[in-house]
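Only one structure is covered here, and it is reproduced in the block below.
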Amino acid sequence: MRLSQQYFADRRETESRFDQMLDELRRDREEQSRRWAEQMRLWDEQNRKWDEQVRLWDEQNRKWDEQVRLWDEQNRKWDEQVGLWDEQNRKWEEQNRRWEENQREIRELIQRTDVLNRRFDSTIGALGARWGLSSEHSFRSALQGILTDFFPLEVIHVNEYDDSGEVFGRPEQVELDLIIKNGVLLICEIKSSMSKADMYLFERKARWYQQRHGRTAQRLIVISPMVDPAARKVAERLGIAVYSFPEDAGKAITEP
């Protein structure tokens, strides 16, 4: 025993070592149990958070599904609106097509009317050229009849000879129409048409008649259904009253 003591522990020391080992194993087991319990707690906490996350995901998915449903509903309404717009555009294009067709027909009608008007004007001009002076005399006679039949006036046609050539630049016959109202003299020109030159000529004839007879006309009047715009401006400058219809002239003369 004495020889082995220096190499082997005795019973007491051996039991003490076993107790230490058992204590260490117990402490390790307790520590392991504590760590395991802590790990389980952490897992439970993680599972709780996971469940909460899953719940949030489910809620998000529900909201997403609701949003998708709303988008689908909006897309359906949009498709319906697009269909209505397409139908409206189709109707609008049809209306525009009809409008363009109507405008084309109107333009063609206007063109045909212009052609007819030009033909009509040409025909009337040719007839007027062939009608000549005889129509002028008939027109004057008709207007004189209207004035004397419907208004208390006297219309006198005078035809005198200008031997000094003051009116035409050389001796020539001068014709004028005189309107007498209660002894008041009005010198009138009754023509089927009046040009600028005709208006100047009428003023010279009226001035010549007044100087020749020593009388002053109260008014100078032109009665003609066709008066050139340039002739009207001349009449305004010369103080000549212009009427397109004998009725208007008769009323203006007879009014006080």
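The values are calculated or read from the model by the stated rules, or taken from the named source; none is laboratory data. In this text, all values refer to a predicted model and were calculated from it rather than measured experimentally. Here Cβ is always computed from backbone atoms with ideal geometry, including for glycine, and neighbour counts include all displayed protein chains. What goes into the accessible areas is simple: the full protein's heavy atoms, side chains included, and nothing from ligands, DNA or RNA. Shrake-Rupley method; radii C 1.70, N 1.55, O 1.52, S 1.80 Å.
In nanometres, what is the gap between the two model label sites at ARG215 and VAL158, each 7 Å from Cα along Cα-to-Cβ?
Distance between the two pseudo-spin positions: 0.6 nm.
Can you run phi through the Karplus equation (6.51, -1.76, 1.60; θ = phi - 60°) for segment 225-238 and list ³J(HN,Hα) in whole Hz, with x for Gly and Pro?
Going residue by residue, I get x, 10, 10, 5, x, 5, 5, 5, 5, 5, 4, 5, 5, 8 Hz, with x marking Gly and Pro.
On a C-alpha basis, how far is the centre of segment 196-219 from the centre of segment 58-90 in Å? Whole number, if you could?
Computed from Cα coordinates, the inter-centre distance equals 90 Å.
With θ taken as phi - 60° and the coefficients 6.51, -1.76 and 1.60, list the Karplus ³J(HN,Hα) couplings across segment 60-71 in order, rounded to whole Hz; mark glycine and proline as x.
Working through the residues one at a time gives 5, 5, 5, 5, 5, 4, 5, 5, 4, 5, 5, 4 Hz.
Counting only residues 5 or more places away or on other chains, whose amide H sits under 5 Å from the amide H of ARG219 once H atoms are built in the peptide plane?
Amide H neighbours of ARG219: ILE187.
With a Förster radius of 30 Å, plug the Cβ-Cβ distance of ASP72 and TRP50 into 1/(1 + (r/R0)^6) and report the FRET value to the nearest 0.05.
The pair ASP72/TRP50 has a calculated efficiency of 0.40.
Can you work out the accessible area per residue across segment 163-245, with the rest of the protein chains kept in place, probe 1.4 Å, in square angstrom?
Each residue of segment 163-245 exposes 52 Å² on average to a 1.4 Å probe.
What residues have an amide H closer than 5 Å to that of ASP162, excluding those fewer than 5 places away on the same chain, when H is modeled at 1.01 Å from N in the peptide plane?
So ASP162 has HN proximity to GLU172, GLN173, VAL174.
Could you derive backbone 3J(HN,Hα) for segment 34-51 from the dihedral phi with the Karplus parameters 6.51, -1.76 and 1.60 (θ = phi - 60°), listing whole Hz in sequence and x where the residue is Gly or Pro?
Using θ = phi - 60°, the values come out as 5, 4, 5, 5, 5, 5, 5, 5, 5, 5, 4, 5, 5, 5, 5, 5, 4, 4 Hz.
Could you work out how much longer the chain between LEU201 and ASP86 gets when fully extended? Use 0.36 nm per residue separation minus the Cα distance between them, nm to one decimal.
Using 0.36 nm per residue and subtracting the Cα-Cα distance, I get 34.3 nm.
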